[in-house]
Amino acid sequence: MIATAEFLLAAKWVGIATLAFAALAVFGFIFKWGIRFRLVGITGFMGVLTGGLFALGLVPFIHTEIPGAVHFSLIYDNGATQAAIALPPDITESQLDATLRQAAGNLFSNGRLGNASDKLTIRARTIIHPEPGVSQPLYLGQVTRSLSNRDEELNIEIYRQNLAQKS
């Protein structure tokens, strides 16, 4: 994974290259080179690359890894206060707790919209098959966290009766 410092370093070097192409473009117009307009296009493109790399260097990419968490799929996210993740049906209670903590860390973003509630709720569900040809979603738990404070305590609820039902 690329860190924000690496994006800033890349922006620095691409910015230097942009200035070099800008100087070449100026020399191209002074000496009436045939490629002067191409150099202007290259300089503009390099400027866009520099701006993009700089912007990526400002945004932190933080992915939480909790030991014991299982792989989950994000199946619903309204970009504000609600999200849902899908889990395998054979998950244990300790794995569910770790996975909910990991999902809460990975889905945290200051860019989420907070309307009446400033809490993000992530619900974990699996699909069970009570009889052949029938699929039923089963919610295993949920985690609620602040939309504005990364360090605030997580509120984790595990639905033990549903965990027992899936077996």
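The values are calculated or read from the model by the stated rules, or taken from the named source; none is laboratory data. All figures in this text were calculated on a predicted structure; none of them were measured in a lab. All Cβ positions, even for glycine, are placed from backbone atoms using ideal geometry, and neighbour counts span all protein chains on display. All accessible areas refer to the heavy atoms of the entire protein, side chains included, with ligands and DNA or RNA removed. Shrake-Rupley method; radii C 1.70, N 1.55, O 1.52, S 1.80 Å.
Details
- Test result for T4, among the polar types (S, T, N, Q), at pLDDT 95 or above and open to solvent by less than 70 Å² (accessible area, probe 1.4 Å): no
- In segment 47-78, the residues that are crowded, with 16+ Cβ neighbours inside 10 Å, in contact with a Leu (Cβ under 9 Å, 6 or more places away or on another chain) and over 16 Å from T99 (Cβ atoms): L53, F54, L56, G57
- Any chance V14 is touching a Leu at 6+ places or on another chain (Cβ under 6 Å) and part of a helix (DSSP H, G or I): yes
- Qualifying residue in segment 100-110 (condition: open to solvent by less than 40 Å² (accessible area, probe 1.4 Å) and without any contact (Cβ under 8 Å) to a residue 40 or more places away in the chain): yes
- Exactly one residue out of F31, F21 is open to solvent by 70 Å² or more (accessible area, probe 1.4 Å), more than 30 Å from the chain's Cα centre (by Cα) and hydrophobic (A, V, I, L, M, F, W, C), and it is F31.
- Against the test of being open to solvent by 20 Å² or more (accessible area, probe 1.4 Å) and within 20 Å of L163 (Cα to Cα), the options Q82, Q142 yield a single qualifying residue, Q142.
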